[in-house]
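Taken together, the values in this text are just the output of simple stated rules run on the coordinates, not laboratory data. It should be emphasised that the depicted structure is a prediction, and the values quoted were computed from it without experimental measurement. Cβ coordinates were reconstructed from backbone atoms using ideal geometry, including for glycine residues, and neighbour counts include every protein chain displayed.
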Amino acid sequence: MIDVGLFNLLQHGPTGVLSGHPNSAQLLASSTATVFSWIANRYWTYRGRTRKNVAREATLFVLANLGGIAITQFCLLFTHHVLGLTSPLADNVAAYVVGFGLGTAFRFVFYHYIVFTGHKDHSPDDDADSTDTQGQAGGEAASSAVPVSARS
């Protein structure tokens, strides 16, 4: 929403600050959306899978988004310079239907398997409901067991 709204405001809005420069408008809009997206993904979507090294995670996140931006930029450039379609509708279809769809698929795979790969957090209460090897709830074996997490 941030990306699409800001792009259309910059490119086709009342002031038309970047009118005639669709790639610049898209780059600025997607860069702004990337900052919001990192915060939302780190503290909401993947909050249990974040890494302790925030700088490394942020660097990988930026690389993932640069790949997605490159895909969108290519679609926009192709539409303008190869197909010769320069209308606002063509800009939006190229950038936010085709480019955004392909870029989102790329980003999802990159986020899920490369950026946010930390183990899910477990609280001490996770073992409270488990049973020990003799089937007794809350036994010594259950309280000393290390939680096992499976990557999905």
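Quick one: which residue in Arg56, Arg42, Arg49 is among the basic types (Lys, Arg), crowded, with 20+ Cβ neighbours inside 10 Å and more than 17 Å from Ala105 (Cα to Cα)?
It is Arg49.
Hey, among Ala33, Ala25, Ala70, Ala55, which residue is under 13 Å from the mean Cα position of the chain (by Cα) and aliphatic (A, V, I, L, M)?
Every option except Ala33 fails the conditions.
Please go through (1) more than 14 Å from the chain's Cα centre (by Cα); (2) under 15 Å from Leu28 (Cα atoms); (3) free of Cβ contacts under 8 Å to residues at least 40 places away in the same chain for Ser87 and return the number of the only condition it doesn't satisfy.
(2)
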